[in-house]
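*Asks:* The structure that follows is given in the form of structure tokens.
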């Protein structure tokens, strides 16, 4: 899959300890990265997820990510950010 564009904020690795799952930790991490991306004027969050990791794919979809590209092993997921201009 392709690397994120200059205008995109790439998320490399995101993991939450099994003991901390389903407590909002992952959502809080994504929200933090989204705020950073907006501050940097990026227009999207981009990450790759293993196709076999259905739980993670569903998690990212709940947070507004959509499937963009796939290959045999990974799906690239993107969440568009709408940057407000003054």
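*Asks:* Inside the chain, counting only strands (runs of 3 or more DSSP E) that do not spill past its ends, which hold 3 or more residues that are free of Cβ contacts under 8 Å to residues at least 24 places away in the same chain?
*Replies:* Passing ranges, in order: 66-70.
*Asks:* Of everything in the range 74-85, what is at pLDDT 95 or above and loosely packed, with under 14 Cβ neighbours inside 10 Å? Give them in sequence order.
*Replies:* Correct list: 80 only.
*Asks:* For the structure I just gave you, tell me whether residue 16 is surrounded by 15 or more Cβ atoms within 10 Å (Cβ to Cβ) and touching a strand residue (DSSP E or B) at 6+ places or on another chain (Cβ under 7 Å).
*Replies:* Details: surrounded by 15 or more Cβ atoms within 10 Å (Cβ to Cβ): yes; touching a strand residue (DSSP E or B) at 6+ places or on another chain (Cβ under 7 Å): no.
Considered against the rule, which asks whether it is surrounded by 15 or more Cβ atoms within 10 Å (Cβ to Cβ) and touching a strand residue (DSSP E or B) at 6+ places or on another chain (Cβ under 7 Å), residue 16 comes out as no.
*Asks:* Look through 47, 29 and report the one residue that is surrounded by 14 or more Cβ atoms within 10 Å (Cβ to Cβ) and farther than 22 Å from residue 2 by Cα.
*Replies:* 29
*Asks:* Under the condition of being modelled with pLDDT under 95 and closer than 16 Å to residue 10 by Cβ, which residue from the range 57-73 is surrounded by the fewest Cβ atoms within 10 Å (Cβ to Cβ)?
*Replies:* 69
*Asks:* Return yes when residue 5 is under 21 Å from residue 70 (Cα atoms) and either modelled with pLDDT of 95 or more or surrounded by 13 or more Cβ atoms within 10 Å (Cβ to Cβ) (or both) and no when it is not.
*Replies:* So residue 5 does not fit the description; no.
The values are calculated or read from the model by the stated rules, or taken from the named source; none is laboratory data. This one's a predicted model, so the numbers in the text were calculated from it and none came from an experiment. Heads up, the Cβs are rebuilt from the backbone with ideal geometry, glycines too, and the neighbour counts pull from every protein chain shown.
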